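The values are calculated or read from the model by the stated rules, or taken from the named source; none is laboratory data. Only a predicted model underlies this, so the values are computations on that prediction, with no experimental measurement involved. Cβ coordinates were reconstructed from backbone atoms using ideal geometry, including for glycine residues, and neighbour counts include every protein chain displayed. Just so you know, the surface numbers come from the protein's heavy atoms only, side chains and all, with ligands and any DNA or RNA stripped out. Shrake-Rupley method; radii C 1.70, N 1.55, O 1.52, S 1.80 Å.
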Amino acid sequence: MPTQSPAYPAHPDSPGGTVRFSINQETVRQLSLPELAKACAELGVGGVGLWRAPVQKYGVEATARLVRDAGLTVTSLCRGGFLTAADPAARRAALDDNRAAVDEAAGVGTDTLVLVSGGLPDGDRDLYGARERIADALAELAPYAAERGVRLAIEPLHPMFASDRCVVSTLGQALDLAERFPAEQVGVVVDTYHIWWDDRAPAQIDRAGEGGRIAAFQLADWCTPLPAGVLLGRGQLGDGSIDFRFWRDRVVAAGYNGWTEVEIFNEALWDRDGREALAETAERFRAHVL
C-alpha cells in the first residue's frame, strides 16, 4: 500500500476539515429515499450520491423535490456506461440508456454522472478495441451531457472486474480516455477501493488535478478475504488496508474541493438498521478521513 513517502508527501495546506462527507445511497440501500433524506437531515449529512434504479422508482421530479426539501446536495448519480458493445443494436441501446441517465442526473440536480465503462462482450478478448468503443460512445454522449450541465465521470475499476464490468482498470487509462474531450465534459472518479494498490495512482491524481479532471472522490476499504463474486467486498472505513488520509491529502493537493462520497457494497452493512449504519459510516469518516 502507498505510504506518505518523500516521493508522495502530504500537502501542507490540505486540512481535513475542508473535506465534506457525502453518503452514497448504495451504502445504506436498505433505506428508502424518504428514509435516507430523513436520516441525513437528522445526522447532519449534507451530501448524497444517488443511484438510478431507486430514483426511477420514486420518480425523478419527486426525488429532486425530496432532496431539495431536505437541504441535501446530490453529489453524483450512478450509473451510466456499459459502452463496450460491438453489436450495432446493443450500441444504440447503450447510447439511448446513457442519454436517459444524463437527463436523470440533470433532473435530480447533480452535475456528475458516474460511468462504469463495461466489460468485454461475450467471446471478445480485445481490451484495446473495447476501450476505443468507449471513446466512440463518449464522442456522442459528452456534448449531449454538456448541453444539460452534466459531466461524464469515468470510473476505473480494479482489474478483477476487467472482463465483466470495466475494461478501464487504472486511473491512467481513464485519463487517456477523458483527455480526448474537454475537461468540463469528461472527468474521472478517484475511488480508493479501485486504485489503492496502484503505485502509479498518486502521480495520475496529480495529472488529473492539473487538467481539472477529478469529478468525484469515493471511499471504501479493502478487506480480505473477498466474498464469493467479489462485487460485495467493499469494506467499512477503517476495517481494511487503505490509508484514507493519504488519498485525501493527495486529491486535495491536486486541487479537488468537491464532496467525498463513501460508497460501500457490503451485505453485512445492508443487514443492519439503515440509520445506525449511516451514523457509523459518518463516525468512521471522522475517525479515518478527517
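Which of the following residues is more than 14 Å from the chain's Cα centre (by Cα) and within 16 Å of Leu83 (Cβ to Cβ): Pro156, Pro182, Pro143?
On the way: Pro156 fails: more than 14 Å from the chain's Cα centre (by Cα); Pro182 fails: within 16 Å of Leu83 (Cβ to Cβ).
Criteria check complete, one pass: Pro143.
Pairs are defined by a Cβ separation below 7 Å, a sequence spacing of at least 6 or placement on different chains, a first member in segment 218-237 that is more than 26 Å from Gly258 (Cα to Cα), and a second member that is in a loop (DSSP other than H, G, I, E, B) and among the small types (Gly, Ala, Ser); the pairs so defined are Cys223/Gly233; Cys223/Gly240; Leu226/Gly233; Pro227/Gly233.
A quick yes/no check of all residues on (1) in a helix (DSSP H, G or I); (2) open to solvent by 40 Å² or more (accessible area, probe 1.4 Å):
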| site | (1), (2) |
| --- | --- |
| Ala41 | yes, yes |
| Gln56 | yes, yes |
| Leu66 | yes, no |
| Val74 | no, no |
| Asn98 | yes, no |
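Of all residues in segment 236-290, those being assigned to a helix (DSSP H, G or I), touching a helix residue (DSSP H, G or I) at 6+ places or on another chain (Cβ under 7 Å) and over 27 Å from Gly187 (Cα atoms) number 6.
Condition check ((1) open to solvent by 10 Å² or more (accessible area, probe 1.4 Å); (2) modelled with pLDDT of 95 or more; (3) under 24 Å from Asp198 (Cα atoms)) across all residues:
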{"residue": "Gly81", "(1), (2), (3)": "no, yes, yes"}
{"residue": "Ala89", "(1), (2), (3)": "yes, yes, no"}
{"residue": "Asp103", "(1), (2), (3)": "yes, yes, no"}
{"residue": "Leu115", "(1), (2), (3)": "no, yes, yes"}
{"residue": "Tyr128", "(1), (2), (3)": "yes, yes, yes"}
{"residue": "Glu155", "(1), (2), (3)": "no, yes, yes"}
{"residue": "Thr170", "(1), (2), (3)": "yes, yes, yes"}
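Is one or more of the residues making up segment 236-245 under 24 Å from Lys38 (Cα atoms), surrounded by fewer than 22 Cβ atoms within 10 Å (Cβ to Cβ) and not basic (Lys, Arg)?
Just the residues of segment 236-245 that are under 24 Å from Lys38 (Cα atoms), to begin with: 236-237.
Next cut, surrounded by fewer than 22 Cβ atoms within 10 Å (Cβ to Cβ) only: 236.
Still in the list and also not basic (Lys, Arg): 236.
Yes.
Please determine, by comparing only the residues of segment 52-75 that are touching a Phe, Trp or Tyr at 6+ places or on another chain (Cβ under 8 Å) and of a type in the set (Ser, Thr, Tyr), which one is farthest from Thr110 (Cα to Cα).
Thr73
Mind listing just one residue for me: the one in segment 175-217 that is among the small types (Gly, Ala, Ser) and closer than 19 Å to Glu261 by Cα and, of those, most open to solvent (accessible area, probe 1.4 Å)? This residue is Gly212.
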